[in-house]
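What follows is a short report on a single structure.
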Amino acid sequence: MASIFDELTERGYIAQCTNTDEVRSLLENEKVTFYVGFDPTADSLHVGHFLGLMVMARMQRAGHRPVCLVGGGTGTVGDPSGRTDMRKMLTDEDIEYNCNRFKEQMARFIDFSDGKAIMVNNGDWLRKLNYIELLRDVGPHFSVNRMLTAECYKNRMEKGLTFLEFNYMIMQSYDFLELHRRYGLKLEMGGDDQWSNIIGGVELTRRKTGDAVYGLTFTLLTKSDGKKMGKTAGGALWLDKEKTPVYDFYQYWRNVDDADVRKCLLMLTFLPMDEVERLSSLKDAAINEAKKVLAFEVTKLVHGEEEARKAQEAAEAVFGGAGSSENMPTIELGDDAIGGKLLDVLVAGKVFASKGEGRRLIQQNGVSFKDEKLSDPDYVLTEEDFTNGEAIVKKGKKKFYRLLRK
């Protein structure tokens, strides 16, 4: 039976490791306590976080103990990794609220019963640190020259790296030391953009304790063109269905590029390797079978099987002439909608951000109503537009909305 290290390698997760042989041996011979950190920059996790949760879930299934760290302390500073500008400063109230939302979402993927996983907030120790004591205790172990060469700071150097952000690496490194002392933690994991920060924690902990600890990064979730996956026209692909509706979430995975199907099946599902290889080998029109499986499996993990089934049925109603349209994003209309402009209804239903956006898309033949291109931005709704009380609007190539008479 393959070890968890071999499994993570085979599925394409592992990017860098401080010592491959030692980490492999550690994971094969011990039950390891490890952690991944999540800064509360928003009130929901997104698909980039989901990749980290999948790694943690696999590690837990192999018998290791995850520590889920939410950044109630580091979130006050903001990680400069991958940024060309400074992150927005959050209030303490925002940080607390976001941390609580993260905790709720993480519990869908990680089993916290009977001490199988630990949830911690680094604000519990970072906010209590004495500045002078920290400088004397930790400062001598960090070389400014070396820190300035770190990848996480490079994009910020041109516009000006603030002293606030410069401290982020020290704070994250201190987390590793604190968690090692509290829980005997031996391994930090994170996205590959966290490599410099993780190395900082490994070296600080080794120097302060003399113990062997390690770092490992997983591959960032990118598309075949190198761009980050999970970006949509409306922003990030969120795990909160109030921010990204389940149907839209399902459709995102249903419409990934052919070249990205294998990577997504490997990293974002628990399908066995032989099934991944079978689906990945499909070509041309047959690859759509793999995309349907991918969309269902990912949506099931994030939102549950019932919600995934509803999204699947809604998609089949639109694209295959089967299934139920009732699970499609729906705009409910009162009697006053009859005789009103369709464009006003779509703006009120947030299909368009503004009337100007709607008019432009209609004029560019980007909107269909009842399976026909809509050419008139001032189209007025009538009773005849509705069959069994509903009508379908298509925005672009992949967005469908149901207008429903109450």
Across the stretch 348-373, which residue is surrounded by the fewest Cβ atoms within 10 Å (Cβ to Cβ) among those that are closer than 14 Å to TYR401 by Cβ and under 28 Å from the mean Cα position of the chain (by Cα)?
LYS350
Based on this model, can you work out whether GLY12 counts as in contact (Cβ under 8 Å) with a residue 40 or more places away in the chain, in the same structural domain as ALA117 (by TED's automatic domain parsing), within 15 Å of LEU220 (Cα to Cα) and part of a loop (DSSP other than H, G, I, E, B)?
yes
Selected residue [touching a Phe, Trp or Tyr at 6+ places or on another chain (Cβ under 7 Å) and modelled with pLDDT under 90] from LEU342, LEU333, LEU294:
LEU342
Here's a check for you: in the stretch 295-320, which residue that is aliphatic (A, V, I, L, M) and either more than 10 Å from TYR250 (Cβ to Cβ) or not in a helix (DSSP H, G or I) (or both) is nearest to the chain's Cα centre (by Cα)?
LEU301
Assess whether LEU179 counts as being outside any strand (DSSP E or B), at pLDDT 90 or above, touching a strand residue (DSSP E or B) at 6+ places or on another chain (Cβ under 9 Å) and not assigned by TED's automatic domain parsing to the domain that holds ALA308.
yes
Only one of these conditions is not met by GLU326: (1) modelled with pLDDT under 80; (2) in a helix (DSSP H, G or I); (3) closer than 22 Å to VAL256 by Cα; (4) charged (D, E, K, R). Which number is it?
(3)
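Within the stretch 35-46, does at least one residue satisfy the condition of being assigned to a helix (DSSP H, G or I) and assigned by TED's automatic domain parsing to the domain that holds GLU188?
Within the stretch 35-46 (the criterion being assigned to a helix (DSSP H, G or I) and assigned by TED's automatic domain parsing to the domain that holds GLU188), the answer is no, since none of the residues qualifies.
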Can you tell which of ALA150, ALA117 is of a type in the set (A, V, I, L, M), touching a Pro at 6+ places or on another chain (Cβ under 9 Å) and either exposed (fewer than 14 other Cβ atoms within 10 Å of the Cβ) or closer than 28 Å to ALA212 by Cα (or both)?
ALA117
Restricting to the stretch 211-234, give me the number of residues that are at pLDDT below 95 and either over 18 Å from the mean Cα position of the chain (by Cα) or at positive phi (or both).
3
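The values are calculated or read from the model by the stated rules, or taken from the named source; none is laboratory data. For clarity, every value in this text was computed on a predicted model and none was experimentally measured. Every residue, glycine as well, gets a Cβ built from its backbone with ideal geometry; the counts of neighbours run over all protein chains shown.
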